[in-house]
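Values quoted throughout were computed directly from the atomic coordinates according to the rules given, and no laboratory measurement underlies them. Predicted model only: the values in this text are computed from it and were never measured. No Cβ is skipped: glycine too gets one built from the backbone with ideal geometry, and neighbour counts run over all protein chains shown.
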Amino acid sequence: MATSLITIGRTGLAASRAALELTAQNIANASNADYTRRRIDQSELVTTGRIDRLQRSTLNGVTIGNVDRLGNEFTQRQVRASTSDLARIEAEIAGLRGAESALEQSGLYESLVDFEAALTLLESDPTDSALRTAAVESARQMAETFQFADFALGNARNLAEAELGAGIDKINGTASALARINLDLVGAREGTAGRAALLDARDAALRDLSQEIGIEVSFDQFGAAEVRLAAPGSPVLVSAATASTMSADITPGGPVEIRIDGAAVSPAGGNVAGRVAALADYTQRQSELDAAAAATIARANTAQAAGAALDGSPGQPLFSGTQASDITMVLSGGAGLAVAPAGSPAGGRDTGNLANLIAAFGADDGPIAGIDRTLLSLSSRIAGLDTTRDGLAMIRESAVATMLAESGVDLETEAANLVRLQQAFDANSRVIQVATELFDTILGLG
């Protein structure tokens, strides 16, 4: 009896100590976002023997089993999917805000309106040299503003391209780390703390990947992850201990192609998808900016060619260039503005040709309306994405809350466990003490 009590107490002490250590580990990692709460399995230890026809059972205490991670893969998958969706929208919004800031802060729209206003003011006194000089200076400022807007938009695009490249590098680094984790998982013993730590590292790597790009994940019998992009026909990004290489082919001012080991893929989520969408929008905005500059050049120079300068000579081009980056005001001075129709005498006050330029400049298909539509469509697009982002943020918060409820560390629960396990440890120590006293008593009887 005494020896059985000692065995029971010893196994109870070992189980209590292991549970205490695991509880302490849970508490120590309460603020670790990549940590999944652990639980140690325990089961009753009973041995059964047979003497003649009689079966006899002996109580031997408790046996320590596996270290289990709490939570489930379905919840992890929801977190990854919602993270990818939210990251895509946020990255696209950030990119579009860069384009919006470049165009709005350049003051291009205001510069176009100011030029139109200067021409309208010149209509009131077409021979006034001050008004003519002011109109030419307004044209010069407008051309410089076009160039500045082009420069600012190009800088914003360069930043978005750099962020895309950094994201691709992060994906490749995380994929390589995941491949190494997969290799370690194959050799990890089931139910050990080391394996649990590897599985935590695996899930953290998968969450990092989902932040950058939408993924689909499957697991083999060892828990190793196979990762593909969340897109039809996507090649494998990570399989067992092998990681493929992702790259981005960026055409200056043009489209972006994402590739895995040279094969083109279409990212469906994450920062990469959002930045690719933003870069596609940059291409469109650049085209609209260049179209407005080209319309400004063409309409102003066409009007100049159809009119006469202040001295009666044929009008000369007001601008040179073909797009926003090279538009330049080239007229020598205010006297060269062809306000009057061609053939008008020197010093004439006929403003018919100027009226045609003002009408062409302010038309629905003119540069002012074009830039206005560009800014309006950008702000409307961002507003729509903001609304979508709010909804996706709520979905992700719900998924993360569910995951934390299942696998996160609750300090109050762990503190209560500490008290209970300490009591169990003390009680098992008392069992051993009682068994020792009984054993000594039995020896004393002899």
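See the values below:
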item: Contour excess over end-to-end distance, with Cα ends at Gln284 and Arg373 and 0.36 nm allotted per residue; result: 30.8 nm
item: Folded to 0 to 90 degrees: helix 411-445 orientation relative to the chain principal axis, Cα; result: 10
item: Positive dipole terminus of region 47-191, leading residue within Gly71, Ser106, Ala166 (C-beta point charges); result: Gly71
item: Pair Ala393, Val46: separation of 7 Å Cα→Cβ label points (nm); result: 5.7
item: Peptides 121-127, 134-140 ordered by average Cβ neighbours within 10 Å, highest first; result: 134-140, 121-127
item: Residue-by-residue Karplus 3J(HN,Hα) for region 305-313, coefficients 6.51, -1.76, 1.60, Hz, glycine and proline x; result: 5, 8, x, 10, 6, 4, 8, x, 6
item: Ellipticity estimate at 222 nm from DSSP helix runs (n ≥ 4, -39,500 (n - 2.57)) divided over the chain, nearest 500; result: -22500 deg cm²/dmol
item: Check: the chain dipole with +1 on Lys, Arg Cβ and -1 on Asp, Glu Cβ, in debye; result: 2060
item: Gain on full stretching of the segment that runs from Gln422 to Asp220 - 0.36 nm per residue minus C-alpha separation; result: 68.8 nm
item: Spacing of the two label points (7 Å from each Cα toward its C-beta) at Ala14 and Ala335, in nm; result: 10.8
item: Rounded to 10°, Cα long-axis angle of helix 367-407 versus longest principal axis of the chain; result: 0
item: Degrees, to the nearest 10: 352-361 long Cα axis against longest axis of the chain; result: 10
item: Stretchable slack from Asp169 to Glu190, in nm (0.36 nm times residue separation minus alpha-carbon distance); result: 4.3 nm
item: FRET efficiency for Asp365 and Phe74, using Cβ-Cβ distance with R0 set to 35 Å, rounded to 0.05; result: 0.05
item: Taking the chain and dividing mean pair separation by its residue count, relative contact order in percent (alpha carbons under 8 Å, at least six apart); result: 23
item: FRET E, pair Ser320, Thr127, Förster distance 25 Å, beta-carbon r, rounded to 0.05; result: 0.40
